[in-house]
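Q: My questions will all concern the structure given below.
Bear in mind that the values in this text are calculations on the coordinates, not laboratory data. Computed from a prediction, not measured in an experiment: that's the story for all the values here. Here the Cβ positions follow ideal geometry from the backbone for every residue, glycine too, while neighbour counts run over all protein chains shown.
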């Protein structure tokens with residue numbers, strides 16, 4: 001197949017130097033141009049990369065329209081790129097690795113289960129492969145919702161093994177840090193799968209189970225659900241096909257996490273009548289929650305959370321934060337609790353001493369508030 005001119009004879013060129021900035025017309029090939037692949041493409045193009053995309057025709061047309069790729073590319077063209085990112089569904093990544101071989105390109109992926117993918121890259125003989133998994137996403141899927149800033153400040157796992165080429169790891173890490181704006185963390189593939197099983201995959205199963213239990217207790221139960229239940233079950237509305245794929249690919253690690261959770265729930269069930277033991281468990285849970293990565297709350301013991309229901313539209317976050325800041329009310333932490341694609345709640349953590357004043361200011365600006 002005829003390659004486009006920018007890729008012609010690329011295999012005969014020397015491997016790229018450690019500093020990507022010395023390369024002219026760096027070429028990135030993205031296999032799978034959905035939300036993650038499209039966001040990588042937008043960020044990479046902003047950083048000066050020429051971006052090719054491989055996907056179904058309709059998705060590629062939309063990816064090109066939103067600027068996530070420069071133009072479509074066949075597998076032979078993708079194979080000749082400087083860097084290839086596999087952003088297809090996990091079940092497809094292993095097959096794509098086999099299709100790519102042989103290639104001298106630097107290859108990475110974004111799959112959320114790593115052990116099988118890393119083994120597949122070794123089996124395919126792709127020497128310059130480095131597994132990756134960005135801890136970033138959105139409740140909205142598809143390249144139409146892609147954003148060049150999706151990875152800014154996000155944790156991005158890289159999963160080198162004993163056979164990973166050192167300069168390949170350094171190059172992928174540099175791309176992730178400099179061009180995507182994420183923070184890299186190196187972790188063994190098997191340990192990665194256990195981590196995401198506990199931190200991401202198990203919570204999704206828990207949400208499905210909680211929603212099922214509540215629905216079975218009473219058909220009307222969900223109509224009475226409060227903020228805590230909505231927080232715990234929000235991820236239960238995730239893309240069914242995507243998540244069935246993710247969970248199946250991480251089955252061994254997820255089973256380990258489910259078994260540990262089941263054992264913990266069994267202990268708690270046994271201890272329900274023991275007030276002191278349950279109080280101790282809550283205290284331990286509170287300490288663990290306070291240690292969550294990225295927590296910004298000052299542990300004064302006098303903080304409260306205030307939820308502000310809003311419509312999802314540009315400027316609402318700035319309106320609230322400006323209102324607080326201009327009245328000398330310090331926001332210790334802030335997160336968004338999504339209800340659906342149109343409604344959300346901004347949850348502010350502020351000092352208890354200014355809570356009443358903050359809520360009065362918000363109500364005077366036509367917001368409603370509730371204490372969490």
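Q: Sorting 256, 59 on the 10 Å Cβ count, fewest up front, what's the list?
A: Details: 256 15, 59 21.
Least to most surrounded, the residues fall as 256, 59.
Q: Subtract the Cα-Cα distance of residue 185 and residue 244 from 0.36 nm times their separation in residues, and report this length gain in nm to one decimal.
A: Values: separation 59, 0.36 × 59 = 21.24 nm, distance 2.62 nm.
Stretched fully, the residue 185-residue 244 segment lengthens by 18.6 nm.
Q: Cα centroid distance between region 36-62 and region 237-260, in Å?
A: Cα centres, region 36-62 to region 237-260: 28 Å.
Q: Simple spin-label model, 7 Å along Cα-to-Cβ: residue 333 to residue 256 in nm?
A: 2.8 nm
Q: Okay, moving on. In degrees between 0 and 90, to the nearest 10, how far off the longest principal axis of the chain does helix 35-46 point, with axes built from Cα atoms?
A: The angle comes out near 60 degrees.
Q: So, one more: How long are the semi-axes of the equivalent ellipsoid of the chain, taking √(5λ) for every eigenvalue λ of the Cα gyration tensor, in whole Å from largest down?
A: Values: eigenvalues 340, 133, 75 Å².
Its equivalent ellipsoid spans semi-axes of 41, 26, 19 Å.
Q: In what order do 31, 306, 354 fall by count of nearby beta-carbon atoms within 10 Å, going from fewest to most?
A: Numbers: 31 25, 306 20, 354 16.
So the residues, fewest neighbours to most, are 354, 306, 31.
Q: Just to verify a number: FRET efficiency for residue 366 and residue 75, C-beta to C-beta distance, R0 = 45 Å, to 0.05?
A: Values: r = 55 Å, r/R0 = 1.22.
It comes out at approximately 0.25.
Q: Shape of region 192-290 from its Cα gyration tensor (a ≥ b ≥ c, root eigenvalues): rounded if a/c is under 1.5, otherwise prolate when a/b > b/c, or oblate?
A: On the way: a/c = 1.88, a/b = 1.16, b/c = 1.62.
It is oblate, given that a/c is not under 1.5 and a/b is not larger than b/c.
Q: Here's something else I'd like to know. So for the pair residue 145, residue 321, with labels modelled 7 Å out along Cα→Cβ, what separation do we get in nm?
A: 2.2 nm
Q: Now for a separate question. Can you grab the distance from the C-alpha centre of region 352-368 to the C-alpha centre of region 198-233, Å, no decimals?
A: Answer, in whole Å: 30.
Q: Let me ask something additional. Where does helix 115-124 land angle-wise versus the long Cα axis of the chain, in degrees 0 to 90, nearest 10?
A: Relative to the chain, helix 115-124 is tipped by roughly 0 degrees.
Q: How far is helix 316-326 tilted off the main Cα axis of the chain, in degrees rounded to 10, range 0 to 90?
A: 60 degrees
Q: Taking the chain as a Gaussian network, where each spring joins two C-alpha atoms under 10 Å apart, which residue of 112, 200, 244 fluctuates the most?
A: For the chain, modelled as a Gaussian network with Cα springs under 10 Å, the answer is 244.
Q: Taking the Cβ of each residue in 243, 49 as the centre, tally the other Cβ atoms inside 10 Å and list the residues starting with the fewest. Let's see the in-between values first.
A: Numbers: 243 18, 49 24.
Listing 243, 49 from fewest to most nearby Cβ atoms yields 243, 49.
Q: When you take every Cα atom in region 24-187, what is the radius of gyration, and what is Dmax, the widest Cα pair distance, in Å?
A: When restricted to Cα atoms, region 24-187 yields Rg and Dmax of 14.0, 41 Å.
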